[in-house]
Structures are given as C-alpha cells and as structure tokens.
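In what follows, a single structure is set out as structure tokens and then discussed.
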Amino acid sequence: MILISLGTSVMSLIYRKQVPVGSMVYFSGIGIGFMLIQVTLIQRLTLPLGHPTWAFVIVLTTLLISGGIGSAYSTKWKREEDRRFVPILLVAFLTSVVYLLIHFYYQSELALSTFQRTLLVITMLIPVGFFIGMPFPYGMSRLKKHQISISWGINGLMTVAGSIVAAMLSLTFGMNLTIIVGIVVYLLLFIFQPLLKM
C-alpha cells in the first residue's frame, strides 16, 4: 500500500513538473547502473582487501571522492554538437577493465601486503569514479529549472532500488551477472542517448 502511494505521488509530480520520459529513463539508468557497479565491486573486493567493512569504506570513499572531482569537470566534456556524452561509455569500459583485473588477481598468486592491495584498489577505482561522477551533473545541465528537483528525486529513488536489485541479482545469479547488467545499463544509455534527448 505504501509503495502504491509512493508510486502515485511520484507519477503525479512527474506529470505536474512535465519531466520528459527521456529524462526519467536517463536518471533512472544512471542511478541503477551506479548501484549495480558499486555493490558488486564492494562484494568482489572484500577478499583482496581482507574485510567487508574495509572493502565498503575503500570502494565507497574512492568512488565518491573521485566522482565528486569528475562532477566538477563534467562541463568540460560537454559540447553542443555531440549527440552522446562520452564519459557514459567510459564508465562501462573502465568498469569492465577493473573487473577483469580483479578476476586476474583472484587467478594469480600475487603476494601483496594489505597496504599494497589497498593502494592498488584505490588506483584502479579512481578512473571509474572520475567518469561515473559525470553523467548526473551533465544530465542536470540539460534540464529546465522546474524539472531539476523531480529528476533529482527520481535518481535518488532509483539508487535505492538499484541497491535492492544488486543484492537480489548477486544472491540469485552471482556477482558476474550483476556487474554485467550494470555495464549494459551504461552502454544502453550511451547508445540510446539521442532518443532520450539528453
């Protein structure tokens, strides 16, 4: 009942604020995609970093700080003649590279100290975080003033939903599929961006 009321309220706000469908899809996509990638990376890096709490702190802190820096530089990537925002594609590519490196680490017999492993993880995650922080401010810059608040809310709601979806996918199908879905979300946003008019 609560979910129905919440959904009705959100749809009412979307209708009143006249938020385009493309904007809803875009902000929903980056919210869900971000959480699918983040949650999977935390789970996958728990063993190399030695503890779930340490993995959570390192992954979240690195992604948020580098994402904040990326957000500050997002406008430098924006050109009116471009139909697609390239950092969206770079998120998918760099996430794939990082996940392959993590897989390589699991298969290797590298003997690294906790400090070395932590430093290696931070170094790998900084580029991902830098570009993952760009799509949100870029999307905001494409909106009219009265559409910003509801779009922000949609992104926040889908971020919460994304964490639930990530947990469900990981428990049911495994971490590999979960991060693949997150990567595919960003790829689809890049491919269909002209249709979304973002």
Can you tell me the length gained on complete extension of the stretch His103 to Asn176, counting 0.36 nm per residue apart and subtracting the Cα distance?
25.3 nm
If one takes the longest principal axis of the Cα atoms in the chain, at what angle in degrees, from 0 to 90 and to the nearest 10, does the Cα axis of helix 175-196 lie?
30
Over the chain, what is the relative contact order in percent, taking alpha-carbon pairs closer than 8 angstrom and at least six residues apart?
45
Bounding extents of the stretch 112-166 in its principal axis frame from Cα atoms, largest first in Å, are 51, 26, 12
Here the relative contact order (percent) of the stretch 68-154, from C-alpha pairs under 8 Å and at least 6 apart, is 55
What residue among Gln43, Gln107, Gln147 has the largest mean-square fluctuation in a Gaussian network model of the chain, using Cα springs under 10 Å?
Gln107
Using 10 Å bins from zero, what percent of all Cα-Cα pairs in the stretch 76-177 falls into each bin?
12, 29, 35, 18, 5, 0
Counting only Cα atoms, I'd like the Rg/Rh figure for the chain, Kirkwood definition for Rh.
1.00
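Taking R0 as 25 Å, what's the FRET efficiency between Ile148 and Thr46 from their Cβ-Cβ distance, rounded to 0.05?
With R0 = 25 Å, the Cβ-Cβ based efficiency is 0.10.
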Between 0 and 90 degrees, rounded to the nearest ten: what's the tilt of helix 52-72 against the longest Cα principal axis of the chain?
50
Tell me what the chain gives for mean residue ellipticity at 222 nm when only DSSP H runs of n ≥ 4 count, each as -39,500 (n - 2.57), the sum divided by the residue total, rounded to 500 deg cm²/dmol.
-27500 deg cm²/dmol
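Would you mind ranking Arg84, Arg142, Arg44 so that the residue whose beta carbon has the fewest other beta carbons within 10 Å leads the list?
Arg84, Arg142, Arg44
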Name the most mobile residue of Thr61, Thr178, Thr40, meaning the one with the largest mean-square fluctuation, in a Gaussian network model of the chain with Cα contacts below 10 Å.
Thr61
Using Cβ counts within 10 Å as a stand-in for footprinting exposure, how do Ile69, Ile30 rank, fewest first?
Ile69, Ile30
Return the single residue from Phe27, Phe56, Phe131 with maximal mean-square fluctuation; model: Gaussian network over the chain, springs between Cα atoms under 10 Å.
Phe56
On a 0 to 90° scale, report how tilted helix 114-132 is relative to the longest principal axis of the chain, with both axes built from alpha carbons and the result rounded to the nearest 10.
20
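Every number in this text was worked out from the coordinates using simple rules, so none of it is lab data. As the structure is a prediction and not an experimental result, all values here were calculated from the model. Note that we place each Cβ from the backbone using ideal geometry, even for glycine, and neighbour counts take in every protein chain shown.
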